1. Would you confirm whether or not the range 289-300 contains a residue that is in a loop (DSSP other than H, G, I, E, B) and in contact (Cβ under 8 Å) with a residue 60 or more places away in the chain?
2. Scan (1) under 21 Å from the mean Cα position of the chain (by Cα); (2) under 19 Å from Asp173 (Cβ atoms); (3) part of a helix (DSSP H, G or I) for the single condition Ala139 breaks and write down its number.
3. If Leu175 meets every condition in (1) within 16 Å of the ligand (Cβ to nearest atom); (2) in a loop (DSSP other than H, G, I, E, B); (3) without any contact (Cβ under 8 Å) to a residue 24 or more places away in the chain apart from one, which number is that one?
4. Only one of (1) more than 23 Å from Phe140 (Cα to Cα); (2) surrounded by fewer than 24 Cβ atoms within 10 Å (Cβ to Cβ); (3) touching a residue at least 60 places away in the same chain (Cβ under 8 Å) is not met by Ser51, so which one is it?
5. May I ask you to verify whether Val328 is touching a residue at least 24 places away in the same chain (Cβ under 8 Å) and open to solvent by less than 10 Å² (accessible area, probe 1.4 Å)?
6. For the range 180-202, which positions are part of a helix (DSSP H, G or I), within 14 Å of the ligand (Cβ to nearest atom) and within 22 Å of Asp127 (Cα to Cα)?
7. Given (1) more than 20 Å from Arg107 (Cβ to Cβ); (2) under 14 Å from the mean Cα position of the chain (by Cα), identify the lone condition not met by Leu315.
8. Output the number of the condition that Arg382 fails; it satisfies all remaining conditions of (1) at pLDDT 90 or above; (2) open to solvent by 80 Å² or more (accessible area, probe 1.4 Å); (3) under 32 Å from the mean Cα position of the chain (by Cα).
Amino acid sequence: MHTPVPDHLLDVLDQCSLDDGEVAGYIPELARVDPAQLAVALCTLDGTVHSAGDAEARFTIQSISKPFVYALALAEHGTAAVLEHVGVEPSGNAFNEISLDPLGRPRNPMINIGAITTTSLASIDPDQRWQRIHSGLSAFAGRELEVDESVYRSELEISSRNMSLAYMVKAHDRLEGDPDRVVADYVRQCALVVDVRDLAVMAMTLANQGRNPITGEEVVPAAICRQVLSVMMTCGMYDAAGDWMSNVGFPAKSGVSGCIMGALPGQVGIGVFSPRLDRFGNSVRGVRVCERLSADMGLHLMQAPEAASHVLHSLGDTPETDKDGDGVRQMQLQGSLHFAASEAALRELARIPEDDTIIEIDLDRVTAINSVGKRMLREGVRRLRLDGHEVRVLDGQQHLGGQDQ
Ligand code: GLN
């Protein structure tokens, strides 16, 4: 059998081959690209990459570099220090607007003014900055990325707007180092060459708490990924971020070369490429492909997960009694124990009267438990014991870490 996933990706591409939109014309090199290209790739948690369409097509990463350089800046300086330089509020403005908050900070790191500021923070030592950006983004991709020198030079020649943004931030004392050099590094990071498979792997690394699913390297800590994904969710699609949230519903970032990267935490990384852009600077077909994937595969973050009420598999007294004649009440839990499921389980436990019954909690049908679920369940066990119950936890898969049996 062949897995149907790549066939499904092909179907999605077939249904999304619209012709509207324009390729980015303001960077001369980008205007020369073949507008008909269309590709998608999807990377799973175990590093499997499925792709369809022009998956071999290479393009410059452009603004999709921004979340990764933001991650590097956070790793270098810590969240609090980075927040002093650049905020996390959606701007509602176009990607190249002068968008400063009342404190004089760029509103977020996904628009150019904020991204240029973040580039200045990528390394404490300006001489190491490019090297760090290059090796950092390569680690996210799991291979050494190259710069398209002609796109780099082509954009540098027309970067007076980005220069003015950098000087504006410098005037507000939020940009580190020399604005000209920072913009050169920013334009260079935008000219790194990738394909949709790279984007899918880079996205999966963010969605996998910072660990590259192919190389196994921990590129940045999990807490940084949470911060980056949050900002992608609220600001990644520029002034179309609200539409994106309601129609697609996973954190994403777009670039003017026509690429979009999506990352659904714990599940999947997505890369899409098609050069024609809508008025927000997002790929027309790329947006459509993401809408389809989200709908077909249930990837919207706000789509309710399995109902927590199903946590209880069974509850009842067993025929067993101990030597004093005390009965055994058994509670079998199932599924995934996060906050809501554990809350429902604890409510069931709370109904047990303070008597001498032995309580057996069977976790063998539990498929996953997060740290909150663990804490809550341990606390429930502790309280039952305080009430005088003997509590047995059947935990063959060591969900609770073997401490409570
Ligand atoms: N290099 C581009 C610029 O600064 C990136 C913009 C984008 O991809 N939206 O204009």
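1. No: zero hits.
2. (2)
3. (3)
4. Every listed condition holds for Ser51 apart from (1).
5. It is true that Val328 is touching a residue at least 24 places away in the same chain (Cβ under 8 Å) and open to solvent by less than 10 Å² (accessible area, probe 1.4 Å).
6. If the condition is that a residue be part of a helix (DSSP H, G or I), within 14 Å of the ligand (Cβ to nearest atom) and within 22 Å of Asp127 (Cα to Cα), then Val182, Val183, Ala184, Asp185, Tyr186, Val187, Arg188, Gln189, Cys190 are the ones that fit.
7. Single failed check for Leu315: (2).
8. Of (1) at pLDDT 90 or above; (2) open to solvent by 80 Å² or more (accessible area, probe 1.4 Å); (3) under 32 Å from the mean Cα position of the chain (by Cα), only one is false for Arg382: (3).
The values are calculated or read from the model by the stated rules, or taken from the named source; none is laboratory data. None of the values given here were measured: they were computed from a predicted structure. For neighbour counting, all protein chains shown are included, and Cβ atoms are generated from backbone atoms with ideal geometry for every residue, glycine included. Just the protein is used for accessible areas: all its heavy atoms, side chains included, with ligands, DNA and RNA removed. Shrake-Rupley method; radii C 1.70, N 1.55, O 1.52, S 1.80 Å.
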